[in-house]
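Enquirer: Handing you this structure, nothing more for now.
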Amino acid sequence: MKAYFLSDIHIQEPESSRAQLFEAFLSSLLHEEFSDLFLLGDIFDLWIDEHSYFVRKYSRIISVLRELQQKGVKIHYFEGNHDLYLERFWQDEMGVAVYGGPATFRFDSLKVRVEHGDQMDPEDRGYRFLRWLLRTPALRWLAHHLPEFIVVAIGEKSSQKSRHYTTEVKTKTEEDIRQKIRLHAVRCLKKDRFDLLIAGHVHFREDFTIEYEGQTTRVINLGTWLKEPTAFIVTPERQYFVEWA
């Protein structure tokens, strides 16, 4: 068992250097033997529902992901705050496992909690309310039925503001971010023990361990490709970052 974990790539245009880098990274995986690919949200700077605008725009990336599936790779896609309502296209059509919140996986004896990471800060009530609102049935219905150009226009404006907030506001003080991640991990451990927590969302790469009631847990925040293109690899024996440039 071997899994790759990626997050917060924020691809805006298919011809951008970041999109081409991501496509090249995925293509390189076609020559590797591994079991799972985890996309932890905000892979695209904007993806809403199954609108053909997004399917056409990112067709090359989708094509490589299909090739990986044909090799037997299982793809997991966690909704972020830039990619929403993924079930119709990614799950129903692509056969990708879609998650609206945290999930737990086992790699032999290694128990891993995986999440986008946007629910780590209980004090950020404004964002948490917005997250709840965006997932109400009414807004899901609007996102599906409004004319595509309206969905794209509103989404692009909101995406720009969200990216600025995550990059410039949420990560303003690195020590504060570390503390929030640490407290979140402890809250989760009180409910369910695990060996490894992997998250994204906050545009800050972090790797540390915590001790809780005699158990050591490693905590990973993947960072963002806006700063440094990286992936995290998990096998039952070893877990480590790799950089891609």
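The values are calculated or read from the model by the stated rules, or taken from the named source; none is laboratory data. None of these values were measured; they are calculated from a predicted model. Ideal geometry is used to build each Cβ from the backbone, glycine not excepted, and the neighbour counts take in all protein chains shown.
Enquirer: I need a count of the residues in region 202-244 that are touching a residue at least 40 places away in the same chain (Cβ under 8 Å) and more than 19 Å from Ala3 (Cα to Cα).
Expert: 3
Enquirer: Please list, ordered by residue number, the helices (runs of 4 or more DSSP H) wholly in region 109-177 having 1 or more residues that are aromatic (Phe, Trp, Tyr), within 26 Å of Val55 (Cβ to Cβ) and at pLDDT 70 or above. Quick ask: steps written out before the conclusion?
Expert: Values: elements: 125-134, 137-145, 148-164.
It comes to 137-145, 148-164.
Enquirer: Let me ask something else. Out of (1) under 27 Å from His82 (Cα atoms); (2) touching a helix residue (DSSP H, G or I) at 6+ places or on another chain (Cβ under 6 Å), what's the single condition that is false for Tyr212?
Expert: (1)
Enquirer: Filter region 1-29 down to the residues that are assigned to a loop (DSSP other than H, G, I, E, B) and either in contact with a Lys or Arg (Cβ under 7 Å, 6 or more places away or on another chain) or buried (at least 21 other Cβ atoms within 10 Å of the Cβ) (or both) and list them by number.
Expert: Ser7, Asp8, Ile9, His10, Pro14 - these are the residues of region 1-29 that are assigned to a loop (DSSP other than H, G, I, E, B) and either in contact with a Lys or Arg (Cβ under 7 Å, 6 or more places away or on another chain) or buried (at least 21 other Cβ atoms within 10 Å of the Cβ) (or both).
Enquirer: Moving on to the next point. Got a number for residues in region 65-103 being of a type outside the set (Asp, Glu), surrounded by fewer than 18 Cβ atoms within 10 Å (Cβ to Cβ), in a helix (DSSP H, G or I) and in contact (Cβ under 8 Å) with a residue 24 or more places away in the chain?
Expert: So the answer is 3.
Enquirer: List the pairs whose first member sits in region 1-30 and is among the hydroxyl-bearing types (Ser, Thr, Tyr), whose second member is assigned to a loop (DSSP other than H, G, I, E, B) and modelled with pLDDT of 95 or more, and whose Cβ atoms are under 6 Å apart, counting only residues at least 6 apart or on separate chains?
Expert: Hits for this filter: Ser7/Leu40.
Enquirer: Moving to a separate point now. Glu50 - would you say it is farther than 21 Å from Ala199 by Cα, in a loop (DSSP other than H, G, I, E, B), in contact (Cβ under 8 Å) with a residue 12 or more places away in the chain and of a type in the set (Asp, Glu)? Let's see the steps before the verdict.
Expert: Details: farther than 21 Å from Ala199 by Cα: yes; in a loop (DSSP other than H, G, I, E, B): yes; in contact (Cβ under 8 Å) with a residue 12 or more places away in the chain: yes; of a type in the set (Asp, Glu): yes.
Taking the combined requirement at face value, the residue satisfies it.
Enquirer: Then there's this: Can you name the residue in region 34-65 that is closer than 21 Å to Phe149 by Cα and polar (S, T, N, Q) and, of all such residues, is farthest from the chain's Cα centre (by Cα)?
Expert: Ser52
Enquirer: Quick check on Lys57: is it charged (D, E, K, R) and either in contact (Cβ under 8 Å) with a residue 60 or more places away in the chain or in contact with a strand residue (DSSP E or B) (Cβ under 6 Å, 6 or more places away or on another chain) (or both)? Let's see the steps before the verdict.
Expert: Details: charged (D, E, K, R): yes; either in contact (Cβ under 8 Å) with a residue 60 or more places away in the chain or in contact with a strand residue (DSSP E or B) (Cβ under 6 Å, 6 or more places away or on another chain) (or both): no.
Taking the combined requirement at face value, the residue does not satisfy it.
Enquirer: Condition check: over 19 Å from the mean Cα position of the chain (by Cα) and either at pLDDT below 90 or closer than 23 Å to His76 by Cβ (or both). Does Asp207 satisfy that? Explain how you work it out, then say what you get.
Expert: Working: over 19 Å from the mean Cα position of the chain (by Cα): no; either at pLDDT below 90 or closer than 23 Å to His76 by Cβ (or both): yes.
In short, no.
Enquirer: Taking region 104-121 only, how many residues are surrounded by fewer than 15 Cβ atoms within 10 Å (Cβ to Cβ) and touching a residue at least 12 places away in the same chain (Cβ under 8 Å)? Even if it seems obvious, please write down each step before you answer.
Expert: At the first step, the residues of region 104-121 found to be surrounded by fewer than 15 Cβ atoms within 10 Å (Cβ to Cβ) are 104, 106, 108-109.
Adding the requirement that they be touching a residue at least 12 places away in the same chain (Cβ under 8 Å) leaves 104, 108-109.
Total meeting the criteria: 3.
Enquirer: For region 189-245, give me the residue count where each residue is of a type in the set (Phe, Trp, Tyr) and not in a loop (DSSP other than H, G, I, E, B). So that I can check it myself, show each step before the final result.
Expert: Residues of region 189-245 that are of a type in the set (Phe, Trp, Tyr), as a first pass: 194, 204, 208, 212, 225, 232, 240-241, 244.
Filter once more, keeping what is not in a loop (DSSP other than H, G, I, E, B): 208, 212, 232, 240-241.
Going through region 189-245 one residue at a time, the tally reaches 5.
Enquirer: Now for a separate question. Does region 83-137 hold any residues that are small (Gly, Ala, Ser) and closer than 28 Å to Ile233 by Cβ, and which are they? Working first, answer last.
Expert: Step one: of region 83-137, the residues small (Gly, Ala, Ser) are 95, 97, 100-101, 103, 109, 117, 126.
Listed by number, the residues that qualify are Gly95, Ala97, Gly100, Gly101, Ala103, Ser109, Gly117.
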